[in-house]
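Peer 1: Quick one: the structure is below, questions incoming.
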């Protein structure tokens, strides 16, 4: 145990704690004048996240990999059952009620998916057609099931696994060109037959939110007002009018960065970006001895990076509003639980790597 504590990545863990603490502080602020149950539930899920992190950290990496495919299949079955028999909550079939808490199963598919992809990528020197189709199939099965719930935000984030697989392994240019053509056709089909009117409006409205100021563009406009009114140092903690007087919907979830921008200004946003910069630097800069571990660290950290970028672009009006929380910060317990499990695996891989070279 002393060796585990000695080689435990304390700096990265501290960064994660600071991100979570910042999120808790902002969720508390966003809950003022409204339902304080959000804050209480958020604290409960933070506590559960720490327990899950600690539990996963104590499991051998080899054991985790052994059960990864079985877990992937199990979650796919759960997603299918949700589509067939699930109840609609908040407009989707994404949630399973567990007492006072709700769990979004689709968030947890990210973990076994990253594990089985990392195990597969280490076996191939290049992404030829056969390998690329396998990688795409592993990702697209949960993608389609989640998109049908419909939860386009969570489904869209899974695309990062394909992007990072291409970056980590060489791929023939012809595959990229033909794939882009297929994506274009698929996007047209999705737009025409899968997306609901409100989802189409969300995608269109980010380019011209003022045209949809009373519907899907309203949130983007209020978010920009929050950022702009924060100035350099912000209005002060608990003094944000956009949040306090509920001008900004989903301020505790997808638009939590807007609360930070209004209350702490440019300095507060810069502090948050610095925390993420250190986190990603330490995650991507770490060298593991096993190929499987290398790919998992890069795939899972890449997913967090992708979700972070999309969320920041979304709240600043540079990307359609898809309902994507800010990693470790937003009120979104299932996302935090899933990321905590993934980080627990990464931290364990780091310790095992140090022990092997001790």
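Read the figures in this text as sums done on the coordinates, not as results from a lab. Quick caveat, the model's predicted, so the values are computed rather than measured. FYI the Cβ positions are ideal-geometry reconstructions off the backbone, even for glycines, and counts take in every protein chain you see.
Peer 1: 7 Å from Cα along Cα→Cβ at both residue 176 and residue 137: what's the point-to-point distance in nm?
Peer 2: 2.5 nm
Peer 1: Please find the FRET efficiency linking residue 356 to residue 14, where r is the Cβ-Cβ separation and R0 is fixed at 35 Å, and quote it to the nearest 0.05. Kindly include the intermediate steps, with their values, before the conclusion.
Peer 2: Working: r = 25 Å, r/R0 = 0.70.
Between residue 356 and residue 14 the formula returns 0.90.
Peer 1: Using 7 Å Cα-to-Cβ label points, what is the residue 38/residue 77 separation (nm, one decimal)?
Peer 2: 3.7 nm
Peer 1: Under the 0.36 nm per residue contour assumption, what length would be gained going from the current alpha-carbon distance of residue 62 and residue 6 to full extension?
Peer 2: Values: separation 56, 0.36 × 56 = 20.16 nm, distance 2.14 nm.
Stretched out fully, the residue 62 to residue 6 stretch lengthens by 18.0 nm.
Peer 1: Let me ask another. For the stretch 2-356, what size does the Cα cloud have along each of its three principal axes, sorted from largest down, in whole Å?
Peer 2: Principal extents (largest minus smallest coordinate, Cα): 55, 54, 40 Å.
Peer 1: Of 292, 107, 201, 62, how do they rank once you tally other Cβ atoms within 10 Å and put the fewest first? Write out the running numbers ahead of the final one.
Peer 2: Details: 292 20, 107 23, 201 16, 62 10.
Arranged by neighbour count, lowest to highest, 292, 107, 201, 62 become 62, 201, 292, 107.
Peer 1: Express the relative contact order of the chain as a whole percentage, based on alpha carbon pairs under 8 Å and six or more residues apart in sequence.
Peer 2: 30 percent
Peer 1: Further question: Seen from all sides and averaged, what is the projected area of the convex hull of the Cα atoms in the stretch 229-313, in nm²? Write down the numbers at each step before the final one.
Peer 2: Working: hull surface 24.3 nm².
Computed as one quarter of the Cα hull surface, the answer is 6.1 nm².
Peer 1: Oh, and also: If each residue's Cβ is checked for other Cβ atoms within 10 Å, how do 198, 237 rank with the fewest at the top?
Peer 2: Numbers: 198 10, 237 13.
Fewest to most other Cβ atoms nearby, the residues stand as 198, 237.
Peer 1: How much length is gained on full extension from residue 192 to residue 274, taking 0.36 nm per residue of separation minus their Cα-Cα distance?
Peer 2: Numbers: separation 82, 0.36 × 82 = 29.52 nm, distance 4.08 nm.
Taking 0.36 nm per residue and subtracting the Cα distance, the gain is 25.4 nm.
Peer 1: For the stretch 174-283, go through all pairs of different Cα atoms, get the mean of 1/r, take its inverse, and jot down that Kirkwood value in Å. List each step's numbers first, then the result.
Peer 2: Details: mean 1/r = 0.0613 Å⁻¹.
Result for the stretch 174-283 stands at 16.3 Å.
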